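S.K.: This is the structure, below, for whatever I ask next.
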Amino acid sequence: MNILLVGAGGREHALAWKIAGSPLLGRLVCAPGNPGMARLAELRAVAATDVQGQVALAREIGADLVVVGPEAAVAAGLADALQAAGIPCFGPTAAAGRLESSKAFTKAFADRHGIPTARYGVFETAEPAKAFLSRFAPPFVIKADGLAAGKGVVIAPDRAAAEAAIDDALGGRFGAAGARVVVEEFLEGEIASLFALCDGRSSLLFGGAQDHKRAFDGEAGPNTGGMGAYAPAPVLSEAVVETTRVRLIEPALRGVAAEGAPFRGVLFCELMVTAEGPKLVEFNVRFGDPECQVLMLRLESDLVPFLRAAAAGGLERLPPPRWRAEAAICVVLAAKGYPESPISGSVIEGADADFGPGVQIFHAGTARRGDGALVAAGGRVLNVCALGATLKAARDRAYEAVSKIRWPEGFHRTDIGWRALG
Ligand code: AMP
Ligand code: GLY
């Protein structure tokens, strides 16, 4: 099979790494890809959101399957254009993708389909949004409506900070994504990420993980796209997974289909395990980043048949995926200043080394300079990932590898996996 993988981050590097090991693979092309993926695939300089460019590339390489990594490509309508061109696509249409691209849409959708989630209000102006805060006790949760790369959510400790966050979002900090704000109830509990593949009709659970959203150790600092992940996550007990499947995931997949937009791809359910059971925090319509990295390390089955079936149908004929018994962890190395204003261009040394068995380095925001040096070219820059017999063993391996990478202009969290490690 010829496969076109769309995207350029750590998630896509991990997908490329797993796809590259498939006996079903003929040719793998990544667009635009990154320097880490260059060892595994042909790279082509087509932006993920360049819909016509991606369709033309898929045709040119005779792609049997296009795998869409990032949400921006979903929102741009890449799956719609591929569908029109008759090319199977792993990734939903823009209409099905509204589950991620508008938080206001998702909250109303959850209400329509009886999916438990935090109480909320949606506002286009500041005064009623601020008045609505009276319904809740602190901390307050303020979200930009649209896509903001995981950075559009503020958990405000008091009313003054909540009001400032409302002014900030509606004042244009997130551009069009902040034209509306969602103010919602703070959910007390532990957060987790659960994944399900869907081919438009049937679905299949596809692993879970726990992410670390805050920038700094001890869950301090601003929200980010994710600073690290690990799996398996003890909070995802069999009971929690089953309740989430039945009450959150299945109603959502049935709901989008009933509303005329059947879902093909991976539904990423971010849930809060509260005293009243799992509640929806948000849906995403692609793999999590960095959750995908730990899923790919633990996935024993060939990934390609699952991607192909989700894109073209037949998921119900596949057995559930097999996972390695080992634990996996991912530590994100980010450029100083991330998430607000990461500093680009600094040189990273030692990342190309062989770190031994069980360790994988995935590139996220990197670039090769003319002289071959690896430099930072984004907020989240490298993902240091490891497998281990236990989570502790995986963590020790990953942090040992981190210590060998020389990058004074970067930072990382030192406590990834803390909830499971105690
Ligand atoms: P989101 O972008 O919606 O995933 O939100 C980013 C992070 O903010 C989540 O991973 C949670 O840790 C936190 N969060 C979002 N909504 C809530 C909520 N209603 N209650 C508590 N924490 C939340
Ligand atoms: N790590 C969470 C996300 O990909 O949105």
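Any read-out appearing in this document is the output of simple, stated calculations on the displayed coordinates, not a laboratory observation. Please read these numbers as outputs of a predicted model, since none were measured by experiment. When we count neighbours, we look across all protein chains shown, and the Cβ atoms used for this are built from the backbone with ideal geometry, even at glycine.
S.K.: ALA95: assigned to a helix (DSSP H, G or I) and small (Gly, Ala, Ser), yes or no?
M.R.: no
S.K.: I'm checking my understanding of the structure. Among residues of the stretch 209-220 that are surrounded by fewer than 22 Cβ atoms within 10 Å (Cβ to Cβ) and not in a strand (DSSP E or B), which one is nearest to ligand 1 (Cβ to nearest atom)?
M.R.: My answer is LYS213.
S.K.: A follow-up question, please. In the stretch 68-91, how many residues are touching a Cys at 6+ places or on another chain (Cβ under 8 Å) and buried (at least 24 other Cβ atoms within 10 Å of the Cβ)?
M.R.: Number of matching residues: 4.
S.K.: Please determine whether any residue of the stretch 345-353 is surrounded by 14 or more Cβ atoms within 10 Å (Cβ to Cβ), within 29 Å of PRO234 (Cα to Cα) and among the polar types (S, T, N, Q).
M.R.: Scanning the stretch 345-353 turns up no residue that is surrounded by 14 or more Cβ atoms within 10 Å (Cβ to Cβ), within 29 Å of PRO234 (Cα to Cα) and among the polar types (S, T, N, Q).
S.K.: Let me ask something additional. Mind telling me which of the residues PRO357, PRO278, PRO305, PRO319 ends up being crowded, with 23+ Cβ neighbours inside 10 Å, more than 14 Å from ligand 2 (Cβ to nearest atom) and not small (Gly, Ala, Ser)?
M.R.: The unique qualifying residue is PRO278.
S.K.: If PHE206 meets every condition in (1) within 14 Å of ligand 1 (Cβ to nearest atom); (2) within 20 Å of the chain's Cα centre (by Cα); (3) of a type outside the set (Lys, Arg); (4) under 24 Å from VAL266 (Cβ atoms) apart from one, which number is that one?
M.R.: (1)
S.K.: State all residues of the stretch 114-153 that are touching a residue at least 60 places away in the same chain (Cβ under 8 Å), among the aliphatic types (A, V, I, L, M) and within 16 Å of ligand 2 (Cβ to nearest atom); if no residue qualifies, say none.
M.R.: Correct list: LEU147, ALA149, VAL153.
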